1. Mind counting the residues in segment 98-128 that are surrounded by fewer than 21 Cβ atoms within 10 Å (Cβ to Cβ) and not in a strand (DSSP E or B)?
2. Only one of these is among the β-branched types (Val, Ile, Thr), crowded, with 22+ Cβ neighbours inside 10 Å, under 19 Å from GLU74 (Cβ atoms) and at pLDDT below 95: ILE151, ILE146, ILE177. Name it.
3. Select, from GLY176, GLY205, the only residue that is within 16 Å of the chain's Cα centre (by Cα) and in a loop (DSSP other than H, G, I, E, B).
4. Output the residue which, of all residues in segment 119-149 that are among the hydrophobic types (A, V, I, L, M, F, W, C) and touching a helix residue (DSSP H, G or I) at 6+ places or on another chain (Cβ under 8 Å), is farthest from ARG85 (Cα to Cα).
5. Checking PHE37 against (1) in a loop (DSSP other than H, G, I, E, B); (2) without any contact (Cβ under 8 Å) to a residue 24 or more places away in the chain, which single condition isn't satisfied?
6. Would you mind finding the one in MET163, MET137 that is surrounded by 18 or more Cβ atoms within 10 Å (Cβ to Cβ), in a loop (DSSP other than H, G, I, E, B) and not β-branched (Val, Ile, Thr)?
7. Answer yes if at least one residue in segment 58-75 is in a loop (DSSP other than H, G, I, E, B), modelled with pLDDT of 95 or more, polar (S, T, N, Q) and within 21 Å of the chain's Cα centre (by Cα), and no otherwise.
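The values are calculated or read from the model by the stated rules, or taken from the named source; none is laboratory data. Everything quoted here is computed from the prediction, not taken from an experiment. Because the Cβ atoms are built from the backbone with ideal geometry, glycine has one as well, and the counts that use them run over all protein chains shown.
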Amino acid sequence: MKHDSIIAHEGYPFIIFSLVIAVFVAFFGIIWLTILFALITFFIIWFFRNPDRYFQEEEKVLISPADGKVIKIEDVALNGSISGRFKKISIFMNVFNVHVNRAPYNGKIEAMNYHEGKFFSANLDKASLDNERNEVMINIKDGRSIWVVQIAGLIARRIICWMNVGMTIKKGERFGIIRFGSRVDVYLPEDSRISVKLRDKVKAGQTPLGFLS
């Protein structure tokens, strides 16, 4: 299925609903409500925007899976649904960022783990483990794995993934969306060389995060 329209499909019901209300109140001449719902409609269109992104292809370059700000870079050792030693990069997405997520590297979707959870603010450390989240494992051609974790935030209430286990995915390809403010954690092989720094602004499908060894 293609997900390359300029507005993510998941946004259309919200846009239509808000637009219908704007037209309805305009019909009755309620100016302030008309302006309010026109602004809400514009915001929803802006939130669900789905721009094309381009990057200069280079072997072993890892691309950001999300728009937002880098809030954490650390080495981790995990023993759970995600297991192993990784370099973890956390990206916080506010409501003004593009929320369509993209693959950081070419590979095959080997596993997907959905966890129900809470809705703490996505910039908190505990959001990685306590919040509702969807873990996507990408197996790259040398046998190593990259995990991309979509995490719901304080007001995000829906995580959507367009991929299924067994599908192949290309670097920069769109694979899902999170509604209304959230976070994406990416777990890279532990010997990866990271090129971003804390508080850097990144763009999904465009900004390099680092390089595979």
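1. 11
2. Values: ILE146 fails: at pLDDT below 95; ILE177 fails: under 19 Å from GLU74 (Cβ atoms).
Going through ILE151, ILE146, ILE177 in turn, just one is among the β-branched types (Val, Ile, Thr), crowded, with 22+ Cβ neighbours inside 10 Å, under 19 Å from GLU74 (Cβ atoms) and at pLDDT below 95: ILE151.
3. On the way: GLY176 fails: in a loop (DSSP other than H, G, I, E, B).
Result of the check over GLY176, GLY205: GLY205.
4. Going through segment 119-149, the residues among the hydrophobic types (A, V, I, L, M, F, W, C) turn out to be 119-120, 122, 124, 127, 129, 136-138, 140, 146-149.
Then drop every residue that is not touching a helix residue (DSSP H, G or I) at 6+ places or on another chain (Cβ under 8 Å), which leaves 120, 149.
Working: PHE120: 26, VAL149: 16 Å.
Per the criteria, the residue is PHE120.
5. Unmet for PHE37, out of (1) in a loop (DSSP other than H, G, I, E, B); (2) without any contact (Cβ under 8 Å) to a residue 24 or more places away in the chain: (1).
6. On the way: MET137 fails: in a loop (DSSP other than H, G, I, E, B).
None of the other options fit; the residue is MET163.
7. Just the residues of segment 58-75 that are in a loop (DSSP other than H, G, I, E, B), to begin with: 58-60, 64-67.
Narrowing the set further to residues that are modelled with pLDDT of 95 or more leaves 64-67.
Filter once more, keeping what is polar (S, T, N, Q): 64.
Within this subset, residues satisfying the condition of being within 21 Å of the chain's Cα centre (by Cα) are 64.
Checked segment 58-75: at least one residue is in a loop (DSSP other than H, G, I, E, B), modelled with pLDDT of 95 or more, polar (S, T, N, Q) and within 21 Å of the chain's Cα centre (by Cα).
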